[in-house]
Amino acid sequence: MKDFPEDSVGLVTPQSIHFDQPLTLASGRVISQYELVIETYGELNSDASNAILICHALSGHHHAAGFHEGDRKPGWWDSAIGPGKAIDTRRFFVVSLNNLGGCHGSSGPNSVNPETGEPYGPDFPIVTVADWVKSQARLADHLGIQQWAAVVGGSLGGMQALQWSIDFPDRLRHCVIIAAAPKLSTQNIAFNEVARQAITKDPQFHDGRYYANDVVPKTGLMLARMVGHITYLSEDGMREKFGRELRSGKLSFDFNPQFEIETYLQYQGERFSTAFDANTYLLMTKALDYFDPAADYDNNLATALRDVQCEYFVASFTTDWRFSPERSREIVDALIEAGKKVTYTEIQAAHGHDAFLIPIPRYMEVFGAYMNRIANSLENNHAR
Amino acid sequence: MRADLEIIRDWIRPGARVIDLGCGEGELLEYLVKEKQVQGYGIEINPDNITACIEKGVNVIEKDIDEGLCGIRNNSFDTVVMSHALQTMHRPDQIVEEMLRIGKECIVTFPNFAHWRARFYLAFRGRMPVSKFLSYTWYNTPNIHFFTFKDFEELCVERNIYIVDRTVVDNEHKHRWWIRLWPNMLGEIAIYRITR
């Protein structure tokens, strides 16, 4: 048995929860039954008031913290979740799930459709952020959590947190939105379309029924990830990390990858293409494109936020150009206009959009201070 | 609480919508929210102050006020407060305009450069005054615009800004009867309530 770092939640085991109450989606389609895979860290207190929901981003999943048996690398947000970390598992009960449509165990394109006995593939319905939130509310019911202490997410995860506060105003006390946006920009959608085209034009895609042919559209998924990855980094961050370094030290006058950045992107793309499902990638990018909670309120975000009850913590990163600080400020301005409680911080960071996953000291300080205040007020209520 | 904040807080009515530009550690807002049930927001740029506000539970927005307040709608606040920060702004006149745009009423406090001690310092030592409230040297001071009560009031006249109230105090923010005799010479800190 290996020793885990002291501030790690240690060995974790996912669990799968079956839901057999049909879920009607925004598209009008219905999923008759589905599985959600989750992980939990920490202990739920007696009145179930210390629960935190973690919403994942585009390529995320339920494994946010700790280690799976035999793994060397911890979950994707281990830097923020654990004993003594920003989301302190000694004080909070943390729930992290793989969203509907995902490819890490929750029902999605690569899971078997119980009605046909075949993988859903392209027949899996398009899910929206609001659909996810609805399914997460059912998960909360299942876990006996009437009200989350906080719903927390970065990027697409932050969008889910924002949607939660609008759709279930009395079911969360705090909403933590990191490196997100109130809707995608035209440029964001354009990048997503390049990613989708790369996947669907891959000869191995087979209209999304590649499982039957026992192949995956590897090249397409790899290209999609490469273009995505460029948008996650800042220009300065990229230059600092890779510069114009050549692998062999000199130009080779052929088309093989020579610059470090080429090798890095290919490696990232390659790794992703074997670990992620192409149909899920298509779904996730659509969920991003469709997200626009103000659309139902005359395109006025402040109106959409009129009935929210929770307090907000919004954070952005200076070099993030995928969801820039201006986009977070749109959320903040709307919250101020609606007269809601909000704290906003803009973190100096060179890492671009990826910064939300990196334990930058200032980021962890303010995030930790906010979470600490939530925990303090919980414990004060209990002491009373 | 800093004495000028004590004066300011009495000028704010219960339940008001308040924004404090350069709110520091958020002590004024914390008091106003607790005791006067205001809906309060603070704007701050100093990291330690922001953290202190988060710990207190004060709504704090990280923002450089010099970049303007666009994003905040016209007349969305009852009271806009700026205490001891106007002299640090690149364009104090534009900030005052912004404050009057987003709020119905503004409260501004700033140090008086025409205070007798400052005058003497410059007149006899021939150097830029250094005092308790202007405790920096010329090259590292955040106070980049020095102005006097008279200067500020002239700006108000030029821009059709109405002065509702003015209180002039010494550097301990105490009222002294003699300050009223010659405020621009004897007062160190002014607290103005302005509107349009």
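The values are calculated or read from the model by the stated rules, or taken from the named source; none is laboratory data. Worth saying up front: this structure is predicted, and the values here are computed from it rather than measured. Heads up, the Cβs are rebuilt from the backbone with ideal geometry, glycines too, and the neighbour counts pull from every protein chain shown. Areas reflect the complete protein model, heavy atoms only, side chains present, ligands, DNA and RNA absent. Shrake-Rupley method; radii C 1.70, N 1.55, O 1.52, S 1.80 Å.
Rounded, prolate or oblate: which one fits segment A:48-190, using the alpha carbon gyration tensor with axes a ≥ b ≥ c (rounded when a/c is under 1.5, else prolate when a/b beats b/c, else oblate)? Taking the square roots of the gyration eigenvalues as a ≥ b ≥ c, segment A:48-190 is rounded. In sequence order, segment A:253-268 has phi-based couplings of 6, 8, 9, 6, x, 10, 6, 3, 4, 5, 4, 4, 4, 5, 4, 4 Hz under the Karplus curve 6.51 cos²θ - 1.76 cosθ + 1.60, θ = phi - 60°, and Gly or Pro positions carry x. Go ahead and collect, in residue order, the members of segment A:299-343 whose backbone nitrogen is under 14 Å from a label point 7 Å along the Cα-Cβ direction of residue A:362. Once the point is set 7 Å along Cα→Cβ of residue A:362, A:315-320, A:325 turn out to lie under 14 Å by backbone N, inside segment A:299-343.
When peptides A:271-284, B:34-47 are sorted by average Cβ neighbour count within 10 Å, with the highest value leading, the order is A:271-284, B:34-47.
Once the C-beta distance of residue A:306 and residue A:48 is scaled by a Förster radius of 25 Å, the resulting FRET efficiency is 0.35 to the nearest 0.05. Could you tell me what percent of the DSSP beta bridges with both partners in chain A are antiparallel, to the nearest 5? Antiparallel bridges: around 30 percent, rounded to the nearest 5.
A simple rule links phi to the HN-Hα coupling: the Karplus curve 6.51 cos²θ - 1.76 cosθ + 1.60 with θ = phi - 60°, which for segment A:98-105 gives 9, 5, 4, x, x, 10, 10, x Hz, with x for Gly and Pro. Highest-first packing order for the peptide set B:93-104, A:85-96 is A:85-96, B:93-104, based on the mean count of other beta carbon atoms within 10 Å. For segment B:71-166, the alpha-carbon coordinates run over 46, 25, 19 Å along the three principal axes, in decreasing order. In deg cm²/dmol and to the nearest 500, what is the mean residue ellipticity at 222 nm of the protein assembly as shown if only DSSP H runs of at least 4 residues count, each as -39500 (n - 2.57), divided by the residue total? Taking each H run of at least 4 residues, the total per residue is -10000 deg cm²/dmol.
Summing both sides, the accessible surface hidden between B and A at a 1.4 Å probe radius is close to 1700 Å². Distant-in-sequence amide contacts of residue A:313, defined by a placed amide H-H separation under 5 Å and a gap of 5 or more residues or a different chain, comprise A:175, A:176, A:177, A:343. Calculate the FRET efficiency for residue A:271 and residue B:196 from the Cβ-Cβ distance with a Förster distance of 56 Å, rounded to the nearest 0.05. Given R0 = 56 Å and the Cβ-Cβ separation, E is 0.40.
Taking every alpha-carbon pair within the protein assembly as shown, the share separated by more than 42 Å comes to 32 percent. The trypsin sites (Lys or Arg not before Pro) of segment A:171-238 meeting both criteria, a DSSP state outside H, G, I, E and B (loop) and at most 16 other C-beta atoms within 10 angstrom of the site's C-beta, are A:201, A:209.
Taking the accessible area of the protein assembly as shown, probe 1.4 Å, and keeping the other protein chains in place, the carbon and sulfur fraction comes to 50%. Between residue A:147 and residue B:37, the simple label model (points 7 Å from Cα in the Cβ direction) yields a spacing of 1.9 nm. Once the chain from residue B:138 to residue B:45 is taken as fully extended at 0.36 nm per residue, the excess over their C-alpha distance is 31.3 nm. Take the alpha carbon atoms of segment B:73-100, find their center, do the same for segment B:8-38, and report the distance between the two centers in whole angstrom. Computed from Cα coordinates, the inter-centre distance equals 16 Å. Rolling a 1.4 Å probe across the protein heavy atoms gives the protein assembly as shown an accessible surface of 45 Å² per residue.
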